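Visitor: Pasting in a structure now, in structure tokens, and then I'll have a few things to ask.
The values are calculated or read from the model by the stated rules, or taken from the named source; none is laboratory data. Owing to the predicted nature of the structure, the values given are computational and were not obtained by experimental measurement. In this analysis, Cβ positions are derived from the backbone assuming ideal geometry, glycine residues included, and neighbour counts consider all displayed protein chains.
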Amino acid sequence: MSCEPVGVRASCRTFKRASGDFVKTIRTYATKVEADLDRIALDAVGISSVVVGVGVDFEGGASGVQLMVPEESAQLALKVLDQERG
């Protein structure tokens, strides 16, 4: 899976939720607004996602804001976001 984003940083880390499901960080952003725009784009096509973290402007925000999706949706989510930026 490619994690080469345009204008944002890629993480591609996978985490296990308490429910036992795996979620993957597909992109990392400098601001929550940028991440929310992509979250909205994913929601519009039926891909659930969550934004986690604080912007780099805030203390403790050096790791940025992460956009996470269910692991099984990661490739499709990246494809959708790449088309949005097209």
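Visitor: Against the conditions (1) surrounded by 14 or more Cβ atoms within 10 Å (Cβ to Cβ); (2) modelled with pLDDT under 90; (3) β-branched (Val, Ile, Thr), where does Val51 fall short? Just the number, please.
Guide: So Val51 meets the others, but not (2).
Visitor: Just name the residue that is farthest from Ala77 (Cα to Cα) out of those in region 30-44 that are loosely packed, with under 13 Cβ neighbours inside 10 Å and of a type in the set (A, V, I, L, M, F, W, C).
Guide: Filtering region 30-44 down to residues loosely packed, with under 13 Cβ neighbours inside 10 Å leaves 33, 40, 43-44.
After this cut, where a residue has to be of a type in the set (A, V, I, L, M, F, W, C) as well, the list is 33, 40, 44.
Working: Val33: 18, Ile40: 12, Ala44: 11 Å.
Result: Val33.
Visitor: Sticking with this one: Looking at region 11-19, is at least one residue at pLDDT below 90 and at positive phi?
Guide: yes
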